[in-house]
1. Go through the range 79-102 and give me each residue that's open to solvent by 40 Å² or more (accessible area, probe 1.4 Å), under 18 Å from A156 (Cβ atoms) and of a type outside the set (D, E, K, R).
2. Looking at (1) in a helix (DSSP H, G or I); (2) touching a residue at least 24 places away in the same chain (Cβ under 8 Å); (3) more than 16 Å from the ligand (Cβ to nearest atom), which is the only condition R196 fails?
3. Among the residues that make up the range 158-167, is at least one of them closer than 24 Å to V56 by Cα and among the charged types (D, E, K, R)?
4. Filter the range 201-243 for residues that are touching a helix residue (DSSP H, G or I) at 6+ places or on another chain (Cβ under 8 Å), part of a helix (DSSP H, G or I) and open to solvent by 70 Å² or more (accessible area, probe 1.4 Å) and give the result.
5. What are the pairs, 6+ residues apart or on separate chains, where a residue within the range 126-149 that is open to solvent by 10 Å² or more (accessible area, probe 1.4 Å) has its Cβ under 9 Å from a residue that is more than 14 Å from the ligand (Cβ to nearest atom) and among the basic types (K, R)?
6. Would you check if there is a residue in the range 189-200 being among the acidic types (D, E), surrounded by 11 or more Cβ atoms within 10 Å (Cβ to Cβ), modelled with pLDDT of 95 or more and within 14 Å of the chain's Cα centre (by Cα)?
7. Looking at the range 13-35, which of the residues that are of a type outside the set (A, V, I, L, M) and buried (at least 21 other Cβ atoms within 10 Å of the Cβ) is nearest to the ligand (Cβ to nearest atom)?
8. Have a look at A146, A162 and point out the one that is touching a helix residue (DSSP H, G or I) at 6+ places or on another chain (Cβ under 7 Å), more than 20 Å from S11 (Cβ to Cβ) and modelled with pLDDT of 95 or more.
Amino acid sequence: MPEGAIAVTGSSRGIGAAIAVELAARGFTVACLSRAGGLPANAPAGGRYICVRCDVTDEASMRDAFARIGKEAGTLRGLVNNADVHRETDSANLATADFEDLMRTNATSVMMVSREAYPHLTAAGGGRIVNIGSFFDRIGVARNLAYCASKAAVGAITRCLAAEWARDGITVMNVAPGYIETDLNRDTLRDEKFRRWLKGRSPAGRPGTPEEVARLVASLFGEDIAFLTGETIYIDGGQAMAL
Ligand code: NDP
């Protein structure tokens, strides 16, 4: 059994839940961080989970979470920064407070949670951080200014932390999904008009699944390739790179 725990933020549902379940299936102890502090949705019995209440916009709650993980798992071996919010607004009407609020949950939190995890990872002799970005980080999407900016920031944070923390044996990667079908967007993504549009627009011709993203993230922990750091891996069926 691999030593120590991997913390996953926003693991209550969607992609975060799938990542937590996949890591547990591969024998890792998973610290599941969400505001309610429950098990991942659809978690099969038998995985080793530590359920921790944590709001990624609240530094005190993060410190408490890592202290609890340390107590229960001994060491921290990795972190997945997955929690997010997604809101659409016309840019002409985007309130500064709403922009800053989304940036705090999606980007500032990645800096804060990584910083709070750092002493625990270094105490364990190093580890891996995987951030969950989005293919929206390199395209322009109407009514998505704040979300796109937040995900571009996640790519930049990934590169800077990778450059700075390599000497501590910490690697940092950014996994950037395309359209992924989750409970929240299932109706939209299954809409006939959207399906037809995606079929013409994306080489894969379909949305991805949370399990596909989860397998990529888990493989980064499973393979543990120390020379791989600072990169963004797009998992979007080729959508953003195709004409
Ligand atoms: P969901 O909306 O389904 O889940 C978001 C998760 O984040 C929930 O578990 C929620 O937990 C948690 N969360 C939100 N705010 C906070 C907070 N302040 N503190 C702690 N946890 C919080 O998102 P998805 O599964 O769809 O997305 C997961 C990641 O994948 C995100 O980073 C997203 O940007 C990215 N992504 C998703 C795509 C998609 O098509 N689904 C496409 C590209 C990227 P709770 O409310 O229980 O606290």
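1. F99
2. Of (1) in a helix (DSSP H, G or I); (2) touching a residue at least 24 places away in the same chain (Cβ under 8 Å); (3) more than 16 Å from the ligand (Cβ to nearest atom), only one is false for R196: (2).
3. Within the range 158-167, one or more residues are closer than 24 Å to V56 by Cα and among the charged types (D, E, K, R).
4. E211, R215
5. G126/R77; G127/R77
6. no
7. G14
8. A146
The values are calculated or read from the model by the stated rules, or taken from the named source; none is laboratory data. In this text the structure is predicted, and so the values were computed from the model without any measurement. Neighbour counts are summed over all protein chains in view; Cβ atoms, including those assigned to glycine, are modelled from backbone coordinates with ideal geometry. Surface areas here come from the heavy atoms of the whole protein model, side chains and all, with no ligands, DNA or RNA. Shrake-Rupley method; radii C 1.70, N 1.55, O 1.52, S 1.80 Å.
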